[in-house]
Each structure stands twice: as structure tokens, then as C-alpha cells.
Amino acid sequence: MDELMMVRTWDTDRDGLSDPARSAARARLEAAMAKESEGVAPRAGRLSRRIVLRTGLAGVTAAAAGAAIVTLGGGSDRTPRLAAVSAADVLRRAADRTRARGGDLPVPRDDQYFYTRTRITRVPVKGGRTRTWTDESWMSVDGSKPSLRQEYGKVHHDPPLGRHEVRWPPTVYSELQAMPTDPDELLARFKGNDSAPNSDVIAFMEGCMLLMGPRVMPPGLQAGAFEALSRLPRIRLEDEADVSGRRAVGVSYPQASFTFLFDRGTYDYLGLRTRGSSPKKVGGEWKQTNPYLETRTLEDIEVVDRVGQHG
């Protein structure tokens, strides 16, 4: 993810990122997220801990902040047939579900932290032992304080953001409030340069970044994001057997390594599935081996005052 080092040079003025800078970010985010999920960087162990958005990409929480997972009993009578809905239908129903439930987290102060507990399950595609981790992290809301991030069981101490470092998408509530909630306007924001040949996949990846969290979404923003992504022409439906004991349906996009996961009965947002593989040096060259599917589900999120605090 060295591609994201350029982000650190952007000015954090009151107007936010310029359009050219945001367009450059989208291109770099797409490449960086693909590399992160595929595990292609043999230098991963030497990546700088000061890379902006590290928590947003590598320490991803799989469900958007403010969308707590409700465990419901479900039988076959509650499981809709996939043939009856499209990927766009699923995203629109997820938007409706988000509006109906509302938020259950307080608006965070800039000097507070997001506490998250995330369960990661990695299943080898070609068979083998399934691995699981439960990671706990405390991320400074505005980046002005050190953060503690756990990733695959390992603890990382991330320093505060520097003077010219920024997070995109933002985690500060006032900055999120400034984003449009109208699906068409939000999709245009996601796409940036609509004439770019890969603007749709960039929009999908930008939506992934916003929904990954952790962040507290202002009213209408999460629903608007789901509806914005439902307008993409090539989104597709995928049948997912189980996510933490719940039948799930996935929505993905060609060329993207990420799949949104939703409950097949309630359309609650359950988490994110990633396609990846492990780098291995063969004959002096790095090659990708041992492909896997990785699912991340958010077990808990809280707004707290200090590192180490949670309910």
C-alpha cells in the first residue's frame, strides 16, 4: 500500500480535497485495495505504520458504523429466492432497512475514539484449515491522537496524523454531514471523472471505503450510499451460504475484490467478503498461492473516550 503515501502530502484546508486530488486518490485506492486483498506485496511486513487510511483499508471493519448486527432466528420460510430479486433490489432494500432502523450510536466528538471488535474468518479455496481472528481496535475519530489497531491478532500502535495528513473518506462527523445523501449526487461524487473508462468500478470501491467504517453515518448517508451503488449497471448477485450463522446474499462488481453481504431475510448489512491469496517466492519470483475467501463481520462498535475503554 505504498501507493497511498501520496495522500499524506495533501493539504487539509477547509474545502477538503480538490477534484484532481480526489480523482488521483480513487485511482490509487483501487490499485492499493486490490493489492492489499490479493496479498501481492512481498514488502508487507515493512509497510510504514504512518500510512494514512491504514485502519480504513487493512484494519477494515466489515459493517458500517451505526448498523449494529441483530441476531434473528430464521428458517426457510424467511429466505427469499435469489431469482426473485436483483443486486439492485438487494441494495435498495438494504437502504430501506437502514432508514427504518436509524442509528444507535451517539455523534462522536473529534477527540473521542471508535472502539471496534471484528471477527475475521479465512477459508482456503482449495481446502485446508479455516482460520479465525477476533480483533479489537481503538481509532482516534479525527486522527489527532495515537490509535491502537489489532490486525490478525497483532497489535499496532499508529501515531497521530501529521499536519498535512488526511483521511478519505472522512471519519469526522461534520465532514460526513457535508457529503450529499441524494443517491445521484453521491454516485457522481463516487465516480469523480465520469468519462474515465473505469469510473464505475472506482465508484464501487469508493462506496466500499465509505461503508467499511468505522464511522458514525449522518442520517441518510448510509442509505444514500447503498442506493447510489444500486445504480451501477454491472453489479451482480452472489449466493453466500453463511455469515456468522446467518444466510446471506452478496452484491459484488466485476474487477473488484470485495463483496457486500446482507441477511437474506432482513437485508441487514452483515459484513464484507474479500478474495485474496498469499505471496510465495518461487524460483526467485513472487507468485500468488493458496487463494482464500475472507469474511469480516463487526461484532461491536462503540464511541469511547480513551484507548482500552469499552462497554
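Quick notes on this structure:
- Evaluated against (1) buried (at least 19 other Cβ atoms within 10 Å of the Cβ); (2) of a type in the set (S, T, N, Q); (3) in a loop (DSSP other than H, G, I, E, B), Gln222 falls short on exactly one condition, (3).
- Every test in (1) touching a Leu at 6+ places or on another chain (Cβ under 7 Å); (2) on the phi > 0 side of the Ramachandran plot is passed by Pro180 save one, and that test is (2).
- Against the conditions (1) touching a Ser or Thr at 6+ places or on another chain (Cβ under 9 Å); (2) β-branched (Val, Ile, Thr); (3) surrounded by fewer than 24 Cβ atoms within 10 Å (Cβ to Cβ); (4) at pLDDT 95 or above, Val303 satisfies every one except (1).
- Meets criteria (farther than 15 Å from Arg97 by Cβ and among the acidic types (Asp, Glu)) for Asp239: yes
- Residues (exposed (fewer than 14 other Cβ atoms within 10 Å of the Cβ) and either over 30 Å from Gly162 (Cα atoms) or within 16 Å of the chain's Cα centre (by Cα) (or both)) located in region 132-147: Thr132
- Any hit, region 172-187, residues being closer than 26 Å to Glu299 by Cα, among the β-branched types (Val, Ile, Thr) and part of a loop (DSSP other than H, G, I, E, B): yes
- Pairs, first on the phi > 0 side of the Ramachandran plot in region 202-222, second among the charged types (D, E, K, R) and open to solvent by 10 Å² or more (accessible area, probe 1.4 Å), C-beta under 8 Å, six or more apart: Gly220/Arg99
- Test: residue in region 137-149 that is in contact with a helix residue (DSSP H, G or I) (Cβ under 6 Å, 6 or more places away or on another chain), small (Gly, Ala, Ser) and part of a loop (DSSP other than H, G, I, E, B): no
- Exactly one residue among Arg99, Arg129 is modelled with pLDDT under 95 and either over 23 Å from Asp268 (Cα atoms) or touching a Leu at 6+ places or on another chain (Cβ under 6 Å) (or both), and that residue is Arg129.
- Filtered residue count, region 185-217, keeping only those that are open to solvent by 50 Å² or more (accessible area, probe 1.4 Å), of a type in the set (D, E, K, R) and in contact with an Asp or Glu (Cβ under 9 Å, 6 or more places away or on another chain): 1
- All strands (runs of 3 or more DSSP E) inside region 225-272 with 3 or more residues being free of Cβ contacts under 8 Å to residues at least 24 places away in the same chain, open to solvent by 30 Å² or more (accessible area, probe 1.4 Å) and on the phi < 0 side of the Ramachandran plot: 236-243
The values are calculated or read from the model by the stated rules, or taken from the named source; none is laboratory data. In this text the structure is predicted, and so the values were computed from the model without any measurement. Note: ideal-geometry Cβ built from the backbone for every residue, glycine included; neighbour counts use all protein chains shown. Please note that ligands, DNA and RNA were not included when accessible areas were found on the heavy atoms of the full protein model with its side chains. Shrake-Rupley method; radii C 1.70, N 1.55, O 1.52, S 1.80 Å.
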